[in-house]
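The values are calculated or read from the model by the stated rules, or taken from the named source; none is laboratory data. Note that the coordinates shown come from a computational prediction; the quantities given were computed from them, not determined experimentally. Every residue, glycine among them, receives a Cβ derived from its backbone with ideal geometry; neighbour counts consider all protein chains shown.
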Amino acid sequence: MFEDIIYPSLKRQEKRFIVTANPEIVMLARENKEYRTIIEKADYIIPDGAGIVVASKILKQPVEERIPGFEIMTEMIGHAEEQGLSCYFLGAHERVVDKFIDRIKTLHPNLLIAGHYHGFFDIADREIVDTIKKAKPDMIFVALGSPRQEQWISTYYHEFDKGFFMGVGGSFDVVAGKVKRAPEAWIKLNLEWLYRLLQQPFRWKRILKVFEFMFRIVIRRY
Ligand code: UDP
């Protein structure tokens, strides 16, 4: 996917909007028509979340594997460092994004960082988008959670001449060390959602949506 599709289009400086779809995003799109329209504007919808892979098998339209958004982000940052491409990081709490940037500078000392800004602002705030536009980044990682991150991207995407735009959810929190990713064994057992629930029990309502998603797939009412 990277070598055949994403890197060549980056090289041609084509604009791209990537959505990583998990069951929560699919349910949100099902319930909110406006959000669904936004998701449908994406150039690529990548299956993130074990639930999507299981559902695709049940529906006999199997997707090969899950590609976690977190892994796409880290791969892309590595590529940016190698190729001299610049990245802008938008989102998370101010202290988290500062820590994230410190970590990224340690991990990728040669990365061109076009800038960063925390994620607690009004989507209509023009100052932020104008600053980002001036920085002309090649990649813009937006960590505002769903649906805010996709809403922000779709509102301003058309104003940019180039850029790889991607919503990355809680990925800055993971790199900053605020939230831990599930151990490999849990991921293999398709239990990453349970690990997140144990770490962040306040997310229980969102996990219910994952169950509703699976239930709807099983009874074919989606
Ligand atoms: N966030 C933000 N602005 C907001 C709401 C959330 O920057 O108005 C950040 C939050 O601090 C976290 C990230 O968005 O860093 C994603 O949060 P979550 O774990 O809920 O994301 P998801 O489950 O959608 O990947």
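Filtering 104, 67 for residues that are under 24 Å from residue 184 (Cβ atoms) and in contact with a Leu (Cβ under 7 Å, 6 or more places away or on another chain) leaves a single hit, 104. Checked against (1) part of a loop (DSSP other than H, G, I, E, B); (2) touching a residue at least 60 places away in the same chain (Cβ under 8 Å), residue 70 passes all but condition (1). Within segment 68-81, at least one residue is surrounded by fewer than 17 Cβ atoms within 10 Å (Cβ to Cβ), within 18 Å of residue 19 (Cβ to Cβ) and at pLDDT below 95. Considering segment 87-105, the residues that are of a type in the set (A, V, I, L, M, F, W, C) and in a helix (DSSP H, G or I) include one that is nearest to the ligand (Cβ to nearest atom), namely 96. You will find that of 180, 188, 209, the residue that is under 20 Å from the mean Cα position of the chain (by Cα) and exposed (fewer than 15 other Cβ atoms within 10 Å of the Cβ) is 180 and no other. Checking each residue in segment 127-144 for being more than 20 Å from residue 80 (Cα to Cα), surrounded by fewer than 16 Cβ atoms within 10 Å (Cβ to Cβ) and touching a strand residue (DSSP E or B) at 6+ places or on another chain (Cβ under 8 Å) picks out only 131.
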